[in-house]
Amino acid sequence: MDRRNDYGYRLPPFQSKHLNGDERSGSNYRRIPWGWRPAPPRDVAILQERANKLVKYLLVKDQTKIPIKRSDMLRDVIQEYDEYFPEIIERASYALEKMFRVNLKEIDKQSSLYILISTQESSAGILGTTKDTPKLGLLMVILSVIFMNGNKASEAVIWEVLRKLGLRPGVRHSLFGEVRKLITDEFVKQKYLEYKRVPNSRPPEYEFFWGLRSYHETSKMKVLKFACKVQKKDPKDWAVQYREAVEMEVQAAAVAVAEAEARAEIYSPRLQIPLINCSSPSHGAKVHPWNLCPHSSLSSYNQSAEGVT
């Protein structure tokens, strides 16, 4: 029998796996990949529904603090509406900002990696959405050591500082667990830190650098002030670092202005993005933000987030 999909393409026989990795037991055909199909017609209601699902997906994925891949968003949520990805993600960004006070940031355009950044700064001086303040405090210590040592620090220097705080490699800590794994694996996967081998080092030696996420969630000025608070000094006492931090503040301000102008244009009436009313007109009761995504399964997204490596 000549089997065809919804767009009239012939479906060739295949073992039971689709080209996009999905499985359907009891079938021996495959679907045409989304990239090979004609784009479905633009339907504002459907695009908004995908955006709502994407909001929930991003919030759950963000619990691991591992940057979210564009390819995962396309595969798990947007699917055949991949051609409308820019509009869908704009709608999702709008909802995240208005309902949850978090911004969606693309931190790596080459790899298309995204993170969520809270608009409210934590007590540790970091804008991340995590509530794990002790870990953020430890991270600030490491970031300050890196910055004060010329934007890189050897592993030996890092451990010299951590030992003064009572932290040692191979010794499990009550708050941080295995500290070596935390700083060389967890913080690295989350893009807070980079951990690189020194070229041609024998035996192998490693250095720490700021990761991409750190540049978005904090700043060199905040880290400098953190170090000054610990050392009980004035930021200007470190002239080189202070000048570098000021330059970064100026650049960040210019980027913030450009992003604000871009958002103002994106959220124009042409997109027909609905303003979400957070209260009932009849009773004034607040609507729970999860109602943005009434047809999504939180458990399925939780499983997906836990499966990230």
Subject >> Complete set of residues in region 217-261 that are open to solvent by 50 Å² or more (accessible area, probe 1.4 Å) and not in a helix (DSSP H, G or I) >> reply: Lys232, Lys233, Asp234, Trp238
**OP:** Test each condition in (1) farther than 18 Å from Ala256 by Cβ; (2) in contact with a Pro (Cβ under 8 Å, 6 or more places away or on another chain) for Ser112 and report the one that comes out false.
**Re:** (2)
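So, in region 182-231, of the ones that are of a type in the set (S, T, N, Q) and within 21 Å of the chain's Cα centre (by Cα), which residue ends up nearest to Ser154 (Cα to Cα)?
Here is the first cut: in region 182-231, the residues of a type in the set (S, T, N, Q) are 184, 190, 200-201, 214, 218-219, 231.
Right, trim to within 21 Å of the chain's Cα centre (by Cα) and you get 184, 190, 214, 218-219.
On the way: Thr184: 12, Gln190: 20, Ser214: 18, Thr218: 21, Ser219: 21 Å.
Only one residue tops the list, namely Thr184.
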Original post:
Which residues, taken from region 52-76, are within 16 Å of Ser112 (Cα to Cα), β-branched (Val, Ile, Thr) and not in a strand (DSSP E or B)?
Top reply: Ile66
Original post:
Identify, please: which residue in region 190-204 is touching a residue at least 12 places away in the same chain (Cβ under 8 Å) and either basic (Lys, Arg) or in contact with a Lys or Arg (Cβ under 7 Å, 6 or more places away or on another chain) (or both) and is, among those, most open to solvent (accessible area, probe 1.4 Å)?
Top reply: Lys196
Original post:
What pairs can you find where one residue is in region 86-101 and under 11 Å from Leu54 (Cβ atoms), the other is open to solvent by less than 50 Å² (accessible area, probe 1.4 Å) and among the aromatic types (Phe, Trp, Tyr), and their Cβ atoms are less than 8 Å apart, with a gap of 6+ or different chains?
Top reply: Ile88/Tyr81
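From the list Leu175, Leu162, exactly one residue is among the hydrophobic types (A, V, I, L, M, F, W, C) and part of a loop (DSSP other than H, G, I, E, B). Which is it?
Details: Leu162 fails: part of a loop (DSSP other than H, G, I, E, B).
Testing whether each residue is among the hydrophobic types (A, V, I, L, M, F, W, C) and part of a loop (DSSP other than H, G, I, E, B) leaves just Leu175.
The values are calculated or read from the model by the stated rules, or taken from the named source; none is laboratory data. Keep in mind that what you see is a predicted model, and the values were worked out from it rather than measured. Reconstructed Cβ throughout: ideal geometry from the backbone, glycine too, with neighbour counts over all protein chains shown. Areas reflect the complete protein model, heavy atoms only, side chains present, ligands, DNA and RNA absent. Shrake-Rupley method; radii C 1.70, N 1.55, O 1.52, S 1.80 Å.
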